[in-house]
1. If we scan region A:42-55, do we find a residue that is surrounded by 17 or more Cβ atoms within 10 Å (Cβ to Cβ), assigned to a helix (DSSP H, G or I) and at pLDDT 95 or above?
2. Considering only region B:73-109, state which residues are hydroxyl-bearing (Ser, Thr, Tyr) and either modelled with pLDDT of 95 or more or under 14 Å from the mean Cα position of the chain (by Cα) (or both).
3. What are the residues in region B:150-159 that are among the small types (Gly, Ala, Ser) and more than 7 Å from every other protein chain (Cβ to nearest Cβ), if any?
4. Mind telling me which of the residues B:Ile195, B:Ile177 ends up being in contact with a His (Cβ under 9 Å, 6 or more places away or on another chain) and among the β-branched types (Val, Ile, Thr)?
5. Can you pull out the residues in region B:58-87 that are among the hydroxyl-bearing types (Ser, Thr, Tyr) and either in contact with a Phe, Trp or Tyr (Cβ under 9 Å, 6 or more places away or on another chain) or surrounded by fewer than 22 Cβ atoms within 10 Å (Cβ to Cβ) (or both)?
6. So A:Leu286 ticks every box in (1) open to solvent by 10 Å² or more (accessible area, probe 1.4 Å); (2) touching a residue at least 60 places away in the same chain (Cβ under 8 Å) but one. Which box is left unticked?
7. Only residues in region B:61-88 that are in contact (Cβ under 8 Å) with a residue 60 or more places away in the chain count as the first member; pair them with residues that are among the aromatic types (Phe, Trp, Tyr), Cβ under 7 angstrom, at least 6 apart or cross-chain, and list the lot.
2 protein chains.
Amino acid sequence: MISLDGERRETPVDRLKALVDADLDAVNEEILGRMRSEVELIPELADYLISSGGKRLRPMLTLAAAKLCGFTGRSHIALAAAVEFIHTATLLHDDVVDGSELRRGKQAANLVYGNPASVLVGDFLFSRSFQLMVTSGHMRVLDILSNAAAVIAEGEVLQLATANDTATTEDTYLAVIQAKTAALFAAATQVGAVIAERPDTEEAALESYGRNLGIAFQLVDDALDYSGNQAKLGKSVGDDFREGKITLPIVLAFRRGSADERAFWKRTMEEVEQTDADLKEAMALLEKHGTVEATIERARHFGDIAKDALAIFPESETREVLQDLVEFVVSRGH
Amino acid sequence: MISLDGERRETPVDRLKALVDADLDAVNEEILGRMRSEVELIPELADYLISSGGKRLRPMLTLAAAKLCGFTGRSHIALAAAVEFIHTATLLHDDVVDGSELRRGKQAANLVYGNPASVLVGDFLFSRSFQLMVTSGHMRVLDILSNAAAVIAEGEVLQLATANDTATTEDTYLAVIQAKTAALFAAATQVGAVIAERPDTEEAALESYGRNLGIAFQLVDDALDYSGNQAKLGKSVGDDFREGKITLPIVLAFRRGSADERAFWKRTMEEVEQTDADLKEAMALLEKHGTVEATIERARHFGDIAKDALAIFPESETREVLQDLVEFVVSRGH
């Protein structure tokens, strides 16, 4: 970000990173250590994905939540690494399921190493995440993170079951993103309060912060698929459209559209019969009904809840950064 | 089995089942309960595989191990269900990786529901297994089972990395089956001693029993692929051959074979260029070098270790059944 007076201004992500910097180094070391295996394909494939510039947003949230709760132990490091491993395993399997071609700006791992390797290394990373959680020695943390993992998988199956269905409601769409994205954000922040042995109210506040931030994050991500540029996203614009993935901009455009427009969506998203001109036509329809903008407005709603959830904590730099992060996530959409 | 005097004789599997019968009912209820989800595809696909006559061998081992150790609590039920879920998740992913067509005598789930559903429902069952373990509230059990899950995944990747490689040594083959099969058997039996809070020697004995039984089991399974009949196995004879899967009968035949024979194995297993007559030729070469028989002899070696491992426990019906089970597993091969 460049401010009006020409100085480079740090983004909230930069400030978050600065806040947890030493811990984040330890997390990265833990991640590298746990990727090791005598089976060379494992560190090779894991490294291809993990070292290729993931933002480490979820583990940073765990570290910041622990910091907000005044945690002084070490178990947040392993838990943050566990959270990143769950995320990475999910990405590997997602790309197999979607037949993705790009991830984080480069060829998706399944295209380079094949689907079988992506499935199995995903399983390995998933197992590693559980080993990491167990090292925390904290039974409630295990409960929270294993529940999150099950909810994520359930959400992925729900997404698959509703794929290419233009009849998908906004409620079902929300149920999918709550499960596949927000559940991990929620667990990532909640465990910070749990290991710090803070009262239930603070645990609930951090759970709510993470969950609502996660919903906002996914809403904006889905909006960006129709408005961002490929380099910024590290993926192709219109990917969701080409797959016939029903995200909120489409759900709303279908509902707000004419009979002819609905026929267009049915052909392109349900039958996935698309010509080269269709993405342009789709973008025009989204623009006409303002559904990308509406999606970002929905994100703002959840973002506001996230910010208010943190208000019970006393003022601190950590609280401020976490609240500013919400604004940053929502305004990515513009 | 029909004895000489015409009476129907129970197999050790039947006796094992009778021994843990009430507990096994509870495990089956737990399994059905944990398969439930509002996302209908999950119970549907899980039920397709789980209800289709899996032997429940691994969960029965957990129940029997707990019984052998005099365990009187309830947590073995959830752990036995967790073990079965890990196994089922692995089967689902295996069939995707191998492109299998048959499993337990019917069409493999990936053919009926597609690879994406199999991957994601596998992930769901895997997560459920961790939730089940967490309910045990026993940190060492979590450690043992999460390590087993990681070792299994590592073994699957190793198997993939050495696939279609006729240079695979017997040692590498053993490393693969120790990881992908024996690790879960070992964990399944070891946790019985852990929850019963028995001394280390008994825990080690049950770990060794499970591990060596698991190795023997997989060796015989790999031998049967070239000798059993399809109905008995619930899979096609020669499946491994058609996939170019390098199992011990092939490892040994390659080593014991002539230059011409090695060229045959390279063409059929490495290039996977096969004609209809090749399976017959392969079976003839295995017969010539006695490698199916040799594989079963190797299984007998590990089976003997398993039986001796249990000798430190006082005589009991449970011990006898577990020891007879080993003999039964090995003699399946004949």
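The values are calculated or read from the model by the stated rules, or taken from the named source; none is laboratory data. These figures come from a predicted structure and were not determined experimentally. Glycine gets a Cβ as well: all are built from the backbone with ideal geometry, and neighbour counts include every protein chain shown. SASA here: full protein model, heavy atoms, side chains in, ligands and nucleic acids out. Shrake-Rupley method; radii C 1.70, N 1.55, O 1.52, S 1.80 Å.
1. No - not one qualifying residue is present in region A:42-55.
2. B:Ser75, B:Thr88, B:Thr90
3. Listed by number, the list holds a single entry, B:Gly155.
4. B:Ile195
5. B:Thr72, B:Ser75, listed by residue number.
6. All conditions are met except number (1).
7. Correct list of pairs: B:Leu61/B:Phe185; B:Leu68/B:Phe313; B:Ile86/B:Phe126.
Condition check ((1) open to solvent by 10 Å² or more (accessible area, probe 1.4 Å); (2) free of Cβ contacts under 8 Å to residues at least 24 places away in the same chain; (3) assigned to a helix (DSSP H, G or I)) across all residues:
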| residue | (1), (2), (3) |
| --- | --- |
| B:Ser227 | yes, no, no |
| B:Phe241 | no, no, yes |
| B:Glu261 | yes, no, yes |
| B:Glu273 | yes, yes, no |
| B:Ala299 | no, no, yes |
